[in-house]
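Visitor: Could you have a look at this structure, given as structure tokens, before my questions?
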Amino acid sequence: MKWTQAAAVTALLLCVASCATYTDWVGEMEREIAARDLPAALRVLREHAGESARDAVLYDLNRAMLLRMADDYAQSNAAFEQAKDAIDRLDAVSVREQAGALAVNDTMRSYTGAPYERVLLHVYAALNYLALDRPDDARVEILQLDVLLGQEEARAGEAFARYLSGMIFETLRQYDDAMIAYRQAYAAYRRDGGAVPAPLGRDLVRTAARVGGMADELRRYRAEFGLTEETPGPRDGEGEIVFLLHSGLAPVMRDTLVGAPTRDGRLVTVSMPYYENRVPRVTGARVGAGATVATAALGEDVAAVAVETLERAKPLILARSVARAALKLEASEQADRKDDALGMMVNLAGVISERADTRSWSTLPNRIYLARLPLAAGHHELHVELTGAYAGPVAARTYAVDLAPGEKRFISLHWVSAGDLEPIPYRIERRRLQ
């Protein structure tokens, strides 16, 4: 065996075996989030930020979300903008990265975000602008989002994004555009097989009545959602609270080995990703001010969208993995014909380097709930009661709010507990959700 060949294979083995991956340390960051120690979570993130340039987008996305959790909306959006710029640059993937991914594994590619993650990037950037009382900038964000949602692969996660778009247009009193967005949200919820949130039904009726000229559509919405002739929602001169609960953390991506045939019929072993869900302990909220109370509805099941996105991508991931495994097998056989020891080392390198890409935007919530509460203009004490699937009230929060006439105030609460970090087997998760 030539020493140069042996050295190259040994270097590959050492590199693959010693390189820390994104998922090796992310659990430490999540534990700090659950302990509500956001400075410590940011510190963990910073400590690992430079370990791989290929994870730069993930660093920006997680930093943006942690800053948002800490109510630093301006810096959060600065991080989101960095992520956007990096994604734009990386969309033209280098030939060297493509070759590395084909020769070694998919983690050799720079991470640019799953389609649903790109959608949620714009959603959270828009929410940040709303928290900063910059609705015009939020509108710019959703116009960018509209371009993204025009791509077929971005359709997962569309429903809540369209719903938020409608709320932003309504905030700006652009009611025709709001009606279009609410219709799109309604269609997306129906297409995805989920229930249409009750607040959206009321928004469709109210906005259709305001826009006018759609009597048949208005009657259909009233019948479907069981609403009377009285237009629901804030009346002229009233304000409105839009409360958003971001509960738990996104599911964890793992990998498993599976057997698959190559084109010439040989069986190879490849690594494939899959999700383990983490059902949040907080599964709803009641929001009230005085005698006015609203129950939060599920706006987005982020975990379900993540799983759906991965399932759509799996055929391509498998095809790429099988092609890579076939190349590694061929290289091993060629090396073995020259030298038994070299062949063994090449085969070992191929086995060790086979690794699925299990990176994902870890700090996304598991679910997003929303409640819309119309209130008279003036000062209000807003009481929020967080609820669980079994135990009833879990925690409570109070917000002092001053509403101007016609104002729409967006309030977000991110809630993560230690119990939210534990993956739950599917059969248990299903029973809990019933």
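Visitor: Could you list, in sequence order, all residues of the stretch 32-55 that are part of a loop (DSSP other than H, G, I, E, B) and not hydroxyl-bearing (Ser, Thr, Tyr)? Write out each step before concluding.
Guide: The initial filter retains those residues of the stretch 32-55 that are part of a loop (DSSP other than H, G, I, E, B), namely 35-37, 48-52.
Passing the criteria: 35, 36, 37, 48, 49, 50, 51.
Visitor: At pLDDT 95 or above and open to solvent by 30 Å² or more (accessible area, probe 1.4 Å) - does that describe any residue in the stretch 345-364?
Guide: no
Visitor: Find the residue count for the stretch 105-135, including only residues that are in contact (Cβ under 8 Å) with a residue 24 or more places away in the chain and over 11 Å from the mean Cα position of the chain (by Cα). Step through it out loud before you land on a result.
Guide: Residues of the stretch 105-135 in contact (Cβ under 8 Å) with a residue 24 or more places away in the chain: 105-132, 135.
Filter again for over 11 Å from the mean Cα position of the chain (by Cα), leaving 105-112, 125-132, 135.
Within the stretch 105-135, residues that are in contact (Cβ under 8 Å) with a residue 24 or more places away in the chain and over 11 Å from the mean Cα position of the chain (by Cα) number 17.
Visitor: Out of all the residues in the stretch 15-31, which are part of a helix (DSSP H, G or I) and modelled with pLDDT under 50? Walk me through it before giving the result.
Guide: Pass one, the stretch 15-31, residues part of a helix (DSSP H, G or I): 15-18, 22-31.
Hits for the stretch 15-31 are 15, 16, 17, 18.
Visitor: Right, next: Specify the residue that is farthest from residue 309 (Cα to Cα); the eligible residues are those in the stretch 254-265 that are open to solvent by 70 Å² or more (accessible area, probe 1.4 Å) and in a loop (DSSP other than H, G, I, E, B).
Guide: That would be 264.
Visitor: Filter the stretch 190-205 for residues that are under 17 Å from residue 371 (Cα atoms) and part of a helix (DSSP H, G or I); which is most open to solvent (accessible area, probe 1.4 Å)?
Guide: Step one: of the stretch 190-205, the residues under 17 Å from residue 371 (Cα atoms) are 195-205.
From what's left, part of a helix (DSSP H, G or I): 198-205.
Working: 198: 54, 199: 4, 200: 0, 201: 0, 202: 83, 203: 3, 204: 0, 205: 0 Å².
Restricting to residues being under 17 Å from residue 371 (Cα atoms) and part of a helix (DSSP H, G or I), the top hit is 202.
Visitor: Looking at (1) at pLDDT below 95; (2) touching a Gly at 6+ places or on another chain (Cβ under 6 Å), which one does residue 182 not meet, given that it meets all the others?
Guide: (1)
Visitor: For the stretch 266-307, give me the residue count where each residue is more than 20 Å from the chain's Cα centre (by Cα), under 24 Å from residue 401 (Cα atoms) and open to solvent by 50 Å² or more (accessible area, probe 1.4 Å). Steps first, please.
Guide: At the first step, the residues of the stretch 266-307 found to be more than 20 Å from the chain's Cα centre (by Cα) are 266-272, 285-295.
Pick out the ones that are also under 24 Å from residue 401 (Cα atoms) and you get 285-295.
Going one step further and asking which of them are open to solvent by 50 Å² or more (accessible area, probe 1.4 Å), we end up with 286, 290-293, 295.
Final tally of qualifying residues: 6.
Visitor: May I ask you to say which residue of 138, 178 is open to solvent by less than 10 Å² (accessible area, probe 1.4 Å) and either basic (Lys, Arg) or more than 19 Å from the chain's Cα centre (by Cα) (or both)? Talk me through it step by step, then tell me what you get.
Guide: Details: 138 fails: either basic (Lys, Arg) or more than 19 Å from the chain's Cα centre (by Cα) (or both).
Of 138, 178, the one residue that is open to solvent by less than 10 Å² (accessible area, probe 1.4 Å) and either basic (Lys, Arg) or more than 19 Å from the chain's Cα centre (by Cα) (or both) is 178.
Visitor: Let me ask something additional. Is it the case that the stretch 208-217 has a residue that's touching a residue at least 40 places away in the same chain (Cβ under 8 Å) and open to solvent by less than 40 Å² (accessible area, probe 1.4 Å)?
Guide: Of the residues in the stretch 208-217, the ones touching a residue at least 40 places away in the same chain (Cβ under 8 Å) are none.
No, the stretch 208-217 contains no residue that is touching a residue at least 40 places away in the same chain (Cβ under 8 Å) and open to solvent by less than 40 Å² (accessible area, probe 1.4 Å).
Visitor: Going by the conditions given, is residue 341 farther than 30 Å from residue 36 by Cα, open to solvent by 10 Å² or more (accessible area, probe 1.4 Å), of a type in the set (A, V, I, L, M) and at pLDDT 60 or above?
Guide: Working: farther than 30 Å from residue 36 by Cα: yes; open to solvent by 10 Å² or more (accessible area, probe 1.4 Å): yes; of a type in the set (A, V, I, L, M): yes; at pLDDT 60 or above: no.
It is false that residue 341 is farther than 30 Å from residue 36 by Cα, open to solvent by 10 Å² or more (accessible area, probe 1.4 Å), of a type in the set (A, V, I, L, M) and at pLDDT 60 or above.
The values are calculated or read from the model by the stated rules, or taken from the named source; none is laboratory data. This one's a predicted model, so the numbers in the text were calculated from it and none came from an experiment. Please note: Cβ atoms are built from the backbone with ideal geometry, for glycine as well, and neighbour counts cover all protein chains shown. Remember, those area values only see protein heavy atoms, side chains included, never the ligands or the DNA or RNA. Shrake-Rupley method; radii C 1.70, N 1.55, O 1.52, S 1.80 Å.
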